[in-house]
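Asks: Below: one structure in structure tokens.
Values in this text are rule-based calculations from the coordinates and carry no lab data. Treat the numbers as computed from the prediction; the structure is a model and nothing was measured. Cβ atoms come from the backbone with ideal geometry, glycine included; neighbour counts cover every protein chain shown.
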Amino acid sequence: MSAIRFLVNGAPAEVDVPGMRRLLDVLREELGLTGTKEGCGEGECGACSVLLDGQVVDSCLVPMAQVDGRIVRTVEGLALAARERGALDTLQEAFLTYGAAQCGICTPGMLMAARAYLDGGGGPDHDTIREAIAGNLCRCTGYQKIVGAIAAVAIGAAP
Amino acid sequence: MPSRLAEAYALLAAAPHVPIAGGTDLMVRITGEIGDPPERLLDVSRLPELEGISLETGELVIGAAVTYTDLRRSALCREHLPALVEAAATIGAVQIQNRGTIGGNIANASPAGDILPILLATDARIITGSAAGERVTPAAAFFTAYRRTALASDELILRVRIPLTPGRETRFRKVGTRRAQAISKVVMAVSWRDHGPSAGWSDVRVALGSVAPTPIRAAATEAVLEGARPSPEVVDRAAETLAAELRPIDDVRSTATYRRTVAARILHRILRDAGGW
């Protein structure tokens, strides 16, 4: 074990955990960031999606040794800039407006995958949005409203 | 977590380690819920020697730690081997493509590894290294048995060299349960050299995954196509030969009959498209 230092949602974090501990577990259990959910634990469902150096990854598949010195962004960090003005991230607002969340377990991961897609310059085309969230399973919504919400943000039509 | 290759070699020489890069296969075993996790892991994600895609003396050289996302974004791959870009795009979804590496696909040696038929079809060579030096193994000799490879316990996979043979065409096709995030039921890469409309094809390769314990080449089918052109008669015969040649199994993902039928149909489609009819 050795100290692993990284940035989470803009703030420095330091944890003393085995290098093979999963990022998902450290976020939830050591740092109390329980917005990130565990679904399958094997990289199929995307519920635990976070951004690692801006790339969307399944945090259940990331060993802590590989997080040292890197930048992690979770759903809790999505609204950081907006929160100062008492608001949510535009994606979160769009998910609310469009009814893109039901039971909610896929929502944090879905938001992070969508954020990576939009930050990468993704547009409102429904097929490319579907590809961008193909690694995120939702068993409630049927995806239409999620795709609609992401497309609305992409064209700047979201609230 | 070594940051220099020599350090990594020394660790491997001292004791067996399982190398880990993107972790998309290995991390699933870490919780111990599906069998014992590996005792010792060697993180190869910070070895610069395993990075990068380049063109060297007529070969596409791809570092073992190159991710599927890197392959999808590579202008070199798009220009020289677009089938590899297509294959990378069918693996998992974005989360997996951002982490999974070509070296991991090779080391894991799953019969369903989607990159592997491309390596077989393009006569790729796999460069491995240890403290004793580097070694070159043709992809066709690398996958020795179910999930077994020619990699020695003190070696790392360093890179892949794919010869860019003039006039070679390569096609890729994967069939899974859905387009994303699916393990292949049948995956195929076909390549050939076209010498113009009046000459037969040469160097025909028909490589498949998910139909045998290792990725394989279909020798009898290749023989039907070698020296021929994709006329309706030849294409029918090649597809029939493939269906007769394959010995797939029934398992959780598919049945032997489905795999044989679909493999023949995919080949038929690829060849028909190549024949322009």
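Asks: In terms of modelled amide H atoms, which long-range or inter-chain residues lie less than 5 Å from the amide H of B:Gly176?
Replies: It is B:Lys185, by chain and number.
Asks: Which residues' amide hydrogens lie under 5 Å from the amide hydrogen of B:Ser110, considering only partners 5 or more residues apart or on another chain, with H built in the peptide plane?
Replies: For B:Ser110, whose amide H was placed from the backbone, there are no distant partners under 5 Å.
Asks: How well do other chains shield peptide A:121-131, expressed as the mean number of their Cβ atoms within 10 Å of each residue Cβ?
Replies: Averaged over the peptide's residues, the number is 1.
Asks: Using only the alpha-carbon atoms, how far is helix A:107-119 inclined from the longest principal axis of chain A? Give it as 0 to 90 degrees, nearest 10.
Replies: For A:107-119 against chain A, the angle is about 80 degrees.
Asks: Sum up the charges of everything whose Cβ sits under 11 Å from the Cβ of B:Ala109, counting Lys and Arg as +1 and Asp and Glu as -1, but leave B:Ala109 out.
Replies: So the environment of B:Ala109 carries a net charge of +1.
Asks: Got a sec to turn the phi values of segment B:148-162 into Karplus ³J(HN,Hα) couplings, 6.51 cos²θ - 1.76 cosθ + 1.60 with θ = phi - 60°, whole Hz, x for Gly and Pro?
Replies: Rounded to whole hertz, the list is 10, 10, 7, 5, 7, 5, 9, 10, 10, 7, 9, 6, 10, 10, 10.
Asks: Another question, if that's okay. Can you tell me which of B:212-222, B:39-49 comes out highest on packing, and rank the rest after it, using the mean Cβ neighbours within 10 Å? Before the final figure, lay out each step's value.
Replies: Details: B:212-222: 19.5, B:39-49: 17.5.
So the order, starting with the most tightly packed, is B:212-222, B:39-49.
Asks: According to the square roots a ≥ b ≥ c of the eigenvalues of the Cα gyration tensor, what is the shape class of segment B:168-275, taking rounded for a/c under 1.5, prolate for a/b larger than b/c otherwise, and oblate for the remainder? Please list the in-between numbers first.
Replies: On the way: a/c = 2.17, a/b = 1.82, b/c = 1.19.
It is prolate, given that a/c is not under 1.5 and a/b is the larger ratio.
Asks: Moving on to the next point. Tell me which GluC sites (Glu not before Pro) from segment A:1-97 have a DSSP coil assignment and no more than 12 other beta carbons within 10 Å of their own.
Replies: Here the GluC sites (Glu not before Pro) that fit, given the DSSP loop and packing criteria, are A:Glu84.
Asks: Give the angle, between 0 and 90 degrees and rounded to the nearest 10, that separates the Cα long axis of helix A:144-154 from the longest principal axis of the Cα atoms of chain A.
Replies: 90 degrees
Asks: Now, a different point. So between B:Ala223 and B:Glu240, what do we pick up on full extension, going 0.36 nm a residue minus the alpha carbon distance?
Replies: Contour length minus Cα-Cα distance gives 4.8 nm.
Asks: Now a separate question. At a threshold of 8 angstrom on Cα-Cα distance, excluding pairs fewer than six apart, so keeping six or more, what relative contact order does chain B reach in percent? Intermediate results must be reported in sequence, preceding the final value.
Replies: Working: 587 pairs, mean separation 40.9, N = 277.
About 15 percent, as a whole number.
Asks: Using the Karplus equation 6.51 cos²θ - 1.76 cosθ + 1.60 (θ = phi - 60°), what ³J(HN,Hα) coupling, rounded to whole Hz, does each residue of segment B:107-117 give in order, writing x for Gly and Pro?
Replies: With the stated coefficients, segment B:107-117 comes to 5, 5, 6, 5, x, 9, x, 6, 7, 4, x Hz.
Asks: Give the average, rounded to an integer, of partner chain Cβ atoms located within 10 angstrom of each Cβ in B:181-189.
Replies: For this peptide, the per-residue mean of nearby foreign Cβ atoms is 1.
Asks: Relative contact order for chain A using alpha-carbon pairs under 8 Å, separation at least 6, rounded to a whole percent?
Replies: Relative contact order of chain A: 23 percent.
Asks: Using a 7 Å offset from the Cα along the Cα-to-Cβ direction at both A:Cys140 and B:Ile249, what is the distance between the two label points in nm, to one decimal?
Replies: A separation of 4.1 nm, rounded to one decimal place.
Asks: Ok, one more. Indicate the gyration tensor shape class of segment A:80-154 (rounded, prolate or oblate), computed on the Cα atoms with a ≥ b ≥ c the square roots of the eigenvalues: a/c under 1.5 is rounded; otherwise a/b larger than b/c is prolate and the rest oblate.
Replies: The shape class here is oblate.
Asks: Here is a further query. Is it possible to state the helix-based mean residue ellipticity at 222 nm for chain B, with each DSSP H run of 4+ residues giving -39500 (n - 2.57), the sum divided by total residues, to the nearest 500 deg cm²/dmol? What is it? Don't skip to the answer; put the middle values down first.
Replies: On the way: 11 runs with 92 residues, N = 277.
Value at 222 nm, helices only, nearest 500: -9000 deg cm²/dmol.
Asks: Would you mind giving the mean number of other chain beta-carbons within 10 Å of the Cβ of each residue in A:50-56, as a whole number?
Replies: Mean shielding by partner chains, rounded to a whole number: 3.
Asks: Using alpha-carbon pairs under 8 Å, 6+ residues apart, how would you state the relative contact order of segment B:37-139 in percent?
Replies: With pairs under 8 Å counted, the relative contact order is 18 percent.
Asks: Could you work out how far apart the two model spin labels at A:Thr34 and A:Asp125 are, taking each label as a point 7 Å from the Cα in the direction of the beta carbon, and quote it in nm?
Replies: In this crude spin-label approximation the distance works out to 4.1 nm.
Asks: Taking θ as phi - 60°, what are the ³J(HN,Hα) couplings along segment B:207-223 by the Karplus curve (6.51, -1.76, 1.60), each to the nearest whole Hz, with x for Gly and Pro?
Replies: 10, 9, x, 6, 10, 7, x, 10, x, 9, 9, 9, 5, 5, 5, 4, 5
Asks: To the nearest whole percent, what portion of all C-alpha pairs in chain B is separated by more than 34 angstrom?
Replies: I get 18 percent for the Cα pairs in chain B exceeding 34 Å.
Asks: Follow-up question, since we're still on this one. Please list, in chain and number order, the residues 5+ apart from B:Glu59 or on another chain whose amide H is under 5 Å from its amide H, with Hs placed from the backbone.
Replies: For B:Glu59, whose amide H was placed from the backbone, the distant partners under 5 Å are B:Leu164.
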